[in-house]
């Protein structure tokens, strides 16, 4: 088979129990795609055929909906009596399944970063009415050839619960080892079942083993419902207590004791870095810390998660020592900054004009004005500080919605400064 629909097939990428995945080419968009083609005999199976057709229909219904940097995008789908295929974003790399054994574990900091990104992606899905229901390492892909860095993407939403539960609830699908107690009991499910499953993935990536192991699914299910897993730090001594606590809460058997929402789960992961309970890579900040910092700044309050990830891609983060200059009076201005942590002073001819604190934006006037501008003051660190820098050129290349939110927030900043200036004038 050299072609399916309009798509040219390049080579086989892999095959599972129900489908073969091919690397393909979309001649219209000139991009590589992954094409999942169901086995014809599976669709005709008198016992399971309707179920597998249903799963393809479920995933096909998500075409164009899962637009998030950490979710595999679904471009196209065909579900017919004799042919079912789904066209998806091609993600070169591999799955996290390769890093679930004790002799091939990822660094602890990288595991937390991956789980954080997954939590943000699944929160996005939850807010558009989707619960994945089959979260496991095999459904989490890493982008590129180096699993120790870069992005990840969640795939395979075939078993997902989508807003209309009567159409999408399917029993007997999923991997028991990653199922929540509610899922194995076939109780009504929501996003908290995905929180539990992601907790299991985190446990396995940290320790190299599943929290519950047995020779039969029945025994695994019994343990999921009735027993508590060994703490991760007992299995890997370098795991800090804070991660024991996070995994334990994510995997609580009762939903009332589990994380109630994705925001709380993501917050605790980010705080593990922020409180220096984990060490971020040298000369860098963890992705979770960056995201959580921007999400907490009023300037980015109206930005979507996807737009914040976009900002992280074209921004530069740096640590500034006390008395170090960030901008010099008279220098050309081709960038603007945000103060993520610390205190800065703005001076002109040795006189202090302003003090900047966490969340303040500065230097933007030299970028947003049409004519070429130079800096009108010096900006110097008073304390150890963290600075986010964005070049004007990068802003121009950002997506339209991202740029719009920047300019709206710039207007709010300028309006606040004008009000403050008027108040000061009125005081004289």
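Within the stretch 46-68, can you find the residues that are within 15 Å of residue 90 (Cα to Cα) and out of contact with any strand residue (DSSP E or B) (no Cβ under 8 Å at 6 or more places or on another chain)? Answer for the stretch 46-68, where residues must be within 15 Å of residue 90 (Cα to Cα) and out of contact with any strand residue (DSSP E or B) (no Cβ under 8 Å at 6 or more places or on another chain): 67, 68.
Filtering the stretch 327-366 to residues that are closer than 21 Å to residue 393 by Cα and assigned to a strand (DSSP E or B) leaves 327, 332, 335, 336, 337, 338, 339, 361, 362.
Screening the candidates 378, 323 for the property of being farther than 30 Å from residue 125 by Cα, outside the structural domain of residue 69 (by TED's automatic domain parsing), in contact (Cβ under 8 Å) with a residue 12 or more places away in the chain and surrounded by 13 or more Cβ atoms within 10 Å (Cβ to Cβ) yields one hit, 378.
Yes/no matrix, rows are residues, columns are (1) at positive phi; (2) modelled with pLDDT under 90; (3) buried (at least 22 other Cβ atoms within 10 Å of the Cβ); (4) not assigned by TED's automatic domain parsing to the domain that holds residue 8:
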{"position": "106", "(1), (2), (3), (4)": "no, no, no, yes"}
{"position": "117", "(1), (2), (3), (4)": "no, no, yes, yes"}
{"position": "149", "(1), (2), (3), (4)": "no, yes, no, yes"}
{"position": "195", "(1), (2), (3), (4)": "no, no, yes, yes"}
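Assess whether residue 290 counts as being part of a loop (DSSP other than H, G, I, E, B), touching a helix residue (DSSP H, G or I) at 6+ places or on another chain (Cβ under 6 Å), modelled with pLDDT of 75 or more and surrounded by 15 or more Cβ atoms within 10 Å (Cβ to Cβ). So residue 290 does not fit the description; no.
Across the stretch 5-39, what is the number of residues that are within 17 Å of residue 53 (Cβ to Cβ) and exposed (fewer than 13 other Cβ atoms within 10 Å of the Cβ)? Reasoning before the result, please.
The first filter runs over the stretch 5-39 and keeps only residues within 17 Å of residue 53 (Cβ to Cβ), leaving 16-20, 36-39.
Now drop any that are not exposed (fewer than 13 other Cβ atoms within 10 Å of the Cβ), which leaves 16-17.
Final tally of qualifying residues: 2.
Taking the stretch 232-260 as the range and being surrounded by 14 or more Cβ atoms within 10 Å (Cβ to Cβ), modelled with pLDDT under 95 and part of a loop (DSSP other than H, G, I, E, B) as the test, the residues that pass are 236, 239, 240.
Yes/no per residue for (1) within 17 Å of the chain's Cα centre (by Cα); (2) closer than 24 Å to residue 307 by Cα; (3) in a loop (DSSP other than H, G, I, E, B):
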| residue | (1), (2), (3) |
| --- | --- |
| 58 | no, no, no |
| 66 | yes, yes, yes |
| 78 | no, no, no |
| 88 | no, yes, no |
| 97 | no, no, no |
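The values are calculated or read from the model by the stated rules, or taken from the named source; none is laboratory data. Just so it is clear, the model here is predicted, and its values are computed rather than measured. Reconstructed Cβ throughout: ideal geometry from the backbone, glycine too, with neighbour counts over all protein chains shown.
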